1. Please tell me if D124 is acidic (D, E) and either out of contact with any helix residue (DSSP H, G or I) (no Cβ under 6 Å at 6 or more places or on another chain) or under 20 Å from L27 (Cβ atoms) (or both).
2. Does R285 satisfy being without any contact (Cβ under 8 Å) to a residue 12 or more places away in the chain and surrounded by 12 or more Cβ atoms within 10 Å (Cβ to Cβ)?
3. Would you say V395 is without any contact (Cβ under 8 Å) to a residue 40 or more places away in the chain and either open to solvent by 50 Å² or more (accessible area, probe 1.4 Å) or out of contact with any His (no Cβ under 7 Å at 6 or more places or on another chain) (or both)?
4. Look through segment 105-136, keep the residues that are among the hydrophobic types (A, V, I, L, M, F, W, C), over 21 Å from N199 (Cα atoms) and surrounded by 17 or more Cβ atoms within 10 Å (Cβ to Cβ), and return whichever of them is nearest to the chain's Cα centre (by Cα).
5. Counting only residues that are more than 15 Å from R221 (Cα to Cα) and small (G, A, S), how many does segment 138-160 have?
6. State all residues of segment 188-218 that are surrounded by 14 or more Cβ atoms within 10 Å (Cβ to Cβ) and within 30 Å of R258 (Cβ to Cβ); if no residue qualifies, say none.
7. If I filter segment 375-401 down to residues being among the charged types (D, E, K, R) and within 35 Å of the chain's Cα centre (by Cα), which single residue comes out as farthest from S245 (Cα to Cα)?
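The values are calculated or read from the model by the stated rules, or taken from the named source; none is laboratory data. Everything quoted here is computed from the prediction, not taken from an experiment. Using ideal geometry, Cβ is built from the backbone for each residue, glycine included, and neighbour counts are taken over all protein chains shown. Heavy atoms of the whole protein, side chains included, go into the accessibility calculation; ligands, DNA and RNA do not. Shrake-Rupley method; radii C 1.70, N 1.55, O 1.52, S 1.80 Å.
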Amino acid sequence: MKDRILQTVASLLGAHELRGKRLCVGLSGGVDSVVLMDTLDRLRAEFQLVLSAVHVNHRISRHADEWQMFCETFCKARGVDLTVRQVTVTDDGSGIEASARALRHQAYATIDCDFIALAHHLDDQAETFLLQLLRGAGPKGLAGMPTFREGRNGMPPLLRPLLAIRRHEIESHARARALAWVDDDSNTDSRFDRNFLRNDVLPLLESRFPGYRETLVRASRNLADDLILATDLAALDAGDARAESVSVELLRRLSDARALNVLRHLFSRRNLPMPQRSMLEEALRQSREARADAEMRVDFGGYALRCYRGEVELVGEQPNPAAGWRAQWDGKQVLLLPDGMGSLHPHPVVGSGIATRHFLEQDAVVRGRSGGETMRPAQNRSNRSLRNLLQESAVPPWERTRMPLLFFGESLAWVPGIGVAAEFRAGSSESGVEPQWERA
């Protein structure tokens with residue numbers, strides 16, 4: 001009869017239809033990841049798995065290279081390909097643990113596989129819940145780690161097959177299987193918050209509440225349900241689950257709780273850390289008080305909530321491109337733009353866009369604004385200043401400085417969101433090119 005851990009992992013593989021998939025185990029060398037790797041190895045033939053592993057050497061402990069060698073030996077003995085990534089961990093203000101986790105996820109994003117399998121277990125889930133609670137997190141932070149998570153930020157989907165298993169079960173299983181593993185000496189250092197909970201707080205809690213793990217995970221699942229409901233409500237309030245902005249008028253009409261929920265939705269859609277409540281409340285206050293012509297801005301470290309013409313939008317902070325930048329373009333190839341501005345793509349058309357002949361007759365130059373540009377948007381209209389055209393088209397001020405403009409000689413021929421100048425437009429049966437700006 002199969003043991004509980006083997007049954008649990010096999011059940012998950014079957015439930016998520018992982019037969020024949022490429023699974024890469026995040027292998028630290030600790031008992032949890034060793035048991036996960038050993039279990040998946042035992043199920044490899046049954047589920048036709050393509051099994052591999054990745055070890056991230058954080059180079060923090062003096063034993064880091066020994067742990068790497070252990071993982072190399074462990075995988076070689078099982079015929080499992082191992083990828084090693086060495087990283088340098090620095091405290092960026094979020095703490096050593098958070099910085100190390102971010103670097104691990106960056107390493108996972110470089111792995112070519114269908115799923116990354118991680119060895120988080122029931123105790124990890126309970127510890128994470130308490131840590132988030134003590135940090136004042138909302139439902140998103142308290143919802144806990146899911147067994148399955150879609151890929152994001154370039155990283156493959158995540159699997160956590162051991163989430164329902166207690167730590168002591170994993171250790172007992174490893175001893176019964178005569179498995180070797182490494183012990184991280186830093187786990188006894190209670191200066192780290194998670195270790196303090198694990199070593200000092202949770203044993204005391206267990207003496208009074210032996211089922212605390214399952215109770216906290218149940219609370220976490222309830223909050224995960226609340227998070228889904230809050231996300232659905234935000235989409236309904238905003239009118240579109242994919243909305244990039246919300247109107248000031250909407251924020252004024254909604255209750256405080258629902259308005260804050262809509263603002264959180266803007267952050268959640270981009271998988272950004274959720275701001276502190278006090279900062280969101282200040283953003284909501286400023287948004288509601290913003291005049292029609294106001295250009296409100298509330299910074300959140302790398303992003304800002306900005307208001308223009310009654311719309312509040314979450315904008316990534318980008319440096320202005322270098323002054324005087326310019327690039328020639330043939331209207332045929334994709335043009336990469338500088339300073340993270342994205343790229344310009346040509347789309348061949350007939351009867352619209354820029355007449356192809358203009359690219360043959362003279363050099364096309366793409367550059368940024370320098371001031372004083374004018375453009376004739378239609379044959380029956382006179383030249384207009386680019387500034388007025390951008391204002392009439394409601395292009396936000398923060399986009400104007402990072403907008404690529406196409407010129408033939410000194411004549412402005414095309415502007416994103418406005419279109420092609422009348423004198424460069426293709427005739428009804430003439431071949432043309434429609435530029436498309438894809439932002440980074």
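1. Numbers: acidic (D, E): yes; either out of contact with any helix residue (DSSP H, G or I) (no Cβ under 6 Å at 6 or more places or on another chain) or under 20 Å from L27 (Cβ atoms) (or both): yes.
So D124 passes the test.
2. Values: without any contact (Cβ under 8 Å) to a residue 12 or more places away in the chain: yes; surrounded by 12 or more Cβ atoms within 10 Å (Cβ to Cβ): yes.
When the stated conditions are applied, R285 passes them.
3. yes
4. Narrowing segment 105-136 to residues among the hydrophobic types (A, V, I, L, M, F, W, C): 107, 109, 111, 113, 115-119, 122, 126, 129-131, 133-134.
Subsequent filtering for residues that are over 21 Å from N199 (Cα atoms) retains 107, 109, 111, 113, 115-118.
If we keep only those that are surrounded by 17 or more Cβ atoms within 10 Å (Cβ to Cβ) as well, we get 107, 111, 113, 115-118.
Details: A107: 14, I111: 17, C113: 18, F115: 17, I116: 16, A117: 19, L118: 18 Å.
Checking each candidate, the answer is A107.
5. Start the filter on segment 138-160 by keeping residues that are more than 15 Å from R221 (Cα to Cα), which leaves 150-160.
With small (G, A, S) added as a condition, the list becomes 151, 154.
Matching residues across segment 138-160 total 2.
6. L216, V217
7. We begin by selecting, within segment 375-401, every residue among the charged types (D, E, K, R); these are 376, 381, 384, 387, 392, 399-400.
The next check asks that each one be within 35 Å of the chain's Cα centre (by Cα); those that pass are 387, 392, 399-400.
Numbers: R387: 23, E392: 19, E399: 14, R400: 18 Å.
Ranking the candidates gives R387 first.
So that you can scan it fast, the table gives a plain yes or no per residue for (1) among the polar types (S, T, N, Q); (2) touching a helix residue (DSSP H, G or I) at 6+ places or on another chain (Cβ under 7 Å):
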residue	(1), (2)
A378	no, yes
L389	no, no
E392	no, no
V395	no, no
T401	yes, no
I418	no, yes
A422	no, no
E430	no, no
W437	no, no
